[in-house]
Structure formats: structure tokens, C-alpha cells
1. When you look at Ser13, is it in contact (Cβ under 8 Å) with a residue 60 or more places away in the chain and of a type outside the set (D, E, K, R), yes or no?
2. Ala58 versus (1) of a type in the set (A, V, I, L, M); (2) surrounded by fewer than 24 Cβ atoms within 10 Å (Cβ to Cβ); (3) closer than 30 Å to Gly240 by Cβ; (4) touching a residue at least 60 places away in the same chain (Cβ under 8 Å): which is the lone unmet condition?
3. Is it fair to say Asp336 is within 21 Å of Pro171 (Cβ to Cβ), in contact with a strand residue (DSSP E or B) (Cβ under 9 Å, 6 or more places away or on another chain) and not small (Gly, Ala, Ser)?
4. State which residue is farthest from His289 (Cα to Cα) when the search covers only segment 133-161 and only residues that are at pLDDT below 95 and acidic (Asp, Glu).
5. With under 17 Å from Leu213 (Cβ atoms) and surrounded by fewer than 21 Cβ atoms within 10 Å (Cβ to Cβ) as the only criterion, which of Ser76, Ser147 stands out?
6. Could you please give the count of residues in segment 127-160 that are within 19 Å of the chain's Cα centre (by Cα) and not polar (S, T, N, Q)?
7. Being without any contact (Cβ under 8 Å) to a residue 12 or more places away in the chain and among the hydrophobic types (A, V, I, L, M, F, W, C) is the filter; apply it to segment 100-125 and report the residue that is nearest to Ala52 (Cα to Cα).
8. Within segment 301-332, count every residue that is aliphatic (A, V, I, L, M), crowded, with 23+ Cβ neighbours inside 10 Å and in contact with a helix residue (DSSP H, G or I) (Cβ under 6 Å, 6 or more places away or on another chain).
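The values are calculated or read from the model by the stated rules, or taken from the named source; none is laboratory data. Quick caveat: nothing in here was measured; it's all calculated off a predicted structure. Here the Cβ is made from the backbone with ideal geometry for all residues, glycine too, and neighbour counts use every protein chain on show.
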Amino acid sequence: MKPVYIVGAHATSVAEHYEFSLADLALEALRGAFKMVTPALEPERIGAIYVANAFGEALVGQANLGAALASAAGLSGIDALRVEAAGASGGLALRQAAMAVICGTYDLVAVLGAEKVTDKLEDRMEAAQMLSIDSDTEADIGATLTSQWALLMRRYMHEYGYEAADFAPFPINAHSNGKHNREALYRFSITAEKYLKAPQIASPLNMLDCSSLGDGAAVVLVASERLARELTSPRVRIGGSGLSTDTAALYQRRDPLLLNAARQSAATAMQQAGVVHADIDVLEFTDPHSIAAALALEASRFVDRGAAPRHAADGGITVSGATPIATAGGYKARGDVGGANGVYQLVELVRQLQGNAGAAQVPNARVAFAQCLGGVGSTAISHILLAE
């Protein structure tokens, strides 16, 4: 993969931002990303804006977000478009931006993930999330994303002999890290005892095992090697990128507990970057529920199948473990930001590779892995980031 760099990254807090519009949040993130760049670059240097968003029509009532947000940023006339792949939108936007820079079309692209959802009622938000699963055979009969992850967790427990309590280390770790993240939606710790007492949402998933949608925006600035070499600010190289898909309908998969798209995208990204699993210091996964993190760890071959809960219980997913995940709180504590999640992941990993992650800093982090999923793993995008 030809050299392409992230030269700026910033995210707003994830919250119920009733007082701000989608454009307000986008502008805050964009300005913050440019403040990281030295010497200073003018926003007019941006060749294109790729907007990662999943819920524009369903919850904001706004399509054509490329033009809308570019205009709000005072960049009307710029190349701008929306990239949508449900929860994988942010990762796909980065991939498209990197490819455009590598091809020489642009020297600088802003990847902007933005969602504004919390001024809508819960049933509207649930319906919007259901758009990412198969509408003909699943959503139309009342299946939801949460219920499908619950089915997978139930099957996993049956196959490998676990109890629901065995998944507690995942949200406990997320909250332990998230309490240090000033941008997180939930900045508090939880205990195994609280996890066990939490009310059920979709058995075996309980309230402390389920993420909450929030408002927010995040930006990464993707630059060519030529432009990156002109800057003195720290930069992170995108070493590899992999995209893969699976059936939208969960019932059509021969082995539902194997996220094939995640496996293939991870292998492609790592091969491009020339790294192996042991080289990777810090990871970000799609983890709205602990079963999602467990299956992603296994699919991407960081642990054997059926071993993720034991790995988590042994401290393997903590900041000092072999596979540190959710260092900014993950979807559970940081908050679920829909199509912007993949960009939030990138902001956190850039901080890790630059040594700016605070109390959740992974020591000597040099190689990072980011993976985001659309639907129940029907779309998967993985990236390798390298400190330079």
C-alpha cells in the first residue's frame, strides 16, 4: 500500500447534544482536527470531504449530507459526498479517502463521521438501526440488531459452555477505560455484581451489556506523503486496509458464530501492512455488546474460537493485556455513534500511537488495528495504523 497518512484527528464528546445541530457538531470536530496540524493548514486545502453517516434520512431528515456539511463549513463547491455502510460507514469513508489520496486525486481529504440521533424517541432510533439488517426476512418480522446479537450470545453459550456472567469482563473493561475519557457518554466504573443485577434487555443481554446511541462528530485528516512530509506535527501512516462483506440475513450463514467478513478484512489489512497478530499493540472493535467484541476477536484470529471470554477474564483485553480493546470506552462507555463509530475509533488509535491517551495509554503502542462492522457483521472494514 502506497504511503498515506493521518495528520490530524479530533472528536466531540458523545452526549445528548440537544443544543447543537449535526452541522454544529461537524464543525467542532473539523476545527479541532485542524488545530492538531503544524504548521497550520487552511481548511481550503481540503480537496474533498467524505461524510460517514448512517441515520441522516431516518433521524435527521437530511440526505445529501456531503453538500450540506461542506456548505456549513464554508467550503461550498468542494468535492463532498456521504459514505454509508451502517455501523461500518466510518471505516469505509477512511478507506475511500485513502484510496483517493493514493490515486493522486487529492492531497488532503477530511473524513467526517457525524450523527445526531438523541432528539428522537427510542422507537425511531430502534427502527433506524434495523435498516442495517435484512428487511425482507428479519426486520419485517420484528428482529432488531440487539435481538440478533442476543441470539448469537445464546448460541455461543450453548456451543462453548459459558454463562452470561462470563461476559462481564467486556463491559467492565470498557467502563474502566471510559471513565478517563472526557468525551465518553458514561464516565463511571461498573462491577461484576452490578452487571449480574442489571435488568434484561434481550436475554441474555442485560442493560449493562448494551450500548446507547449518542450524538457526536469526529474527523481524521488524510494526507498524501508529499503533504505529510511538509508538516512537523506527528503523523500516523495507514499501513493496510481491508473490506469484506457477508450475507445481510443472519439465518443464511452456514456458521453464524464466525464473522467471515471480519476475518477476511482483517487478513487483508494485515497482509498489506506486513504485520502479524503479535505486532499489534492496541485494537478497536465494534462492541455494542460483549458478544460482538468476543466474536470479532475470534474472527480476526487474535484468540481461538470459544476462548474470548476466558481471554477477557484473564485480563487479556485490558490496557496491560495482550489485546487491549475499548481503551476510550468502546461503544458501551464512550457511546454508540452510529456511522461515526469508525472515525471515533481512529481518533482514539491516533492518540494511542502518539502517546496521548492519558490514563488508558497502552505502553509503547506503535501498531494499531481498527475494525468496524455494519449490521451483524455483514460489512467489515479493517485498518492497520502505524506510528512514524
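1. Details: in contact (Cβ under 8 Å) with a residue 60 or more places away in the chain: yes; of a type outside the set (D, E, K, R): yes.
In short, yes.
2. Result: Ala58 passes all but (3).
3. Details: within 21 Å of Pro171 (Cβ to Cβ): yes; in contact with a strand residue (DSSP E or B) (Cβ under 9 Å, 6 or more places away or on another chain): yes; not small (Gly, Ala, Ser): yes.
Taking the combined requirement at face value, the residue satisfies it.
4. Asp136
5. Unique residue meeting the criteria: Ser147.
6. 6
7. If we filter segment 100-125 for residues that are without any contact (Cβ under 8 Å) to a residue 12 or more places away in the chain, which is where we start, we get 103, 121-123.
Remaining after also requiring among the hydrophobic types (A, V, I, L, M, F, W, C): 103, 121.
Details: Cys103: 21, Leu121: 22 Å.
Across segment 100-125, the extreme among qualifying residues is Cys103.
8. Count: 5.
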